[in-house]
Amino acid sequence: MEGRDGQDPALGERIHPDGPEIWAQVVHARDHEWAETVDDVLRRRTTLTVRGLGTDEVRAGVQDLLVRKD
């Protein structure tokens, strides 16, 4: 089910429970800031790597969103 803005409500969920970043930030980085790699998102667009939250699970989720174009 989509939210009122047509976006997946899951994009409002936190990427990692210990960090403030949400999945919509990954989509924004991909669509508006030309982020193309997981490291670009985790190191340059968020502070997940700096805070040690760039886990394998987080990296896989970010990669999935970067290649998805919906």
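Values computed for the structure shown
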{"quantity": "(i) 28; (ii) 35; (iii) 22, with the label sought being that of the calculated percent of Cα pairs over 20 Å apart", "calculated": "(iii)"}
{"quantity": "Within the chain, longest stretch clear of exposed trypsin sites (Lys or Arg not before Pro) (DSSP loop, no more than 14 other Cβ within 10 Å)", "calculated": "5-50"}
{"quantity": "Approximate spin-label separation ARG51-LEU11, in nm, with each point projected 7 Å along Cα-to-Cβ", "calculated": "2.1 nm"}
{"quantity": "Degrees between helix 56-67 axis and first principal axis of the chain (Cα, 0 to 90, nearest 10)", "calculated": "50 degrees"}
{"quantity": "Among ASP56, ASP40, ASP31: highest mean-square fluctuation, GNM of the chain, C-alpha pairs under 10 Å", "calculated": "ASP56"}
{"quantity": "Residues whose placed amide H lies under 5 Å from that of ILE22, excluding near-sequence neighbours", "calculated": "ILE15"}
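Rule-based calculations on the coordinates, nothing more; no lab input. Here the structure is a predicted model, which is why all the values come from computation and not from measurement. Don't worry about glycine lacking a Cβ; one is built from the backbone with ideal geometry, like all the others, and counts go over all protein chains shown.
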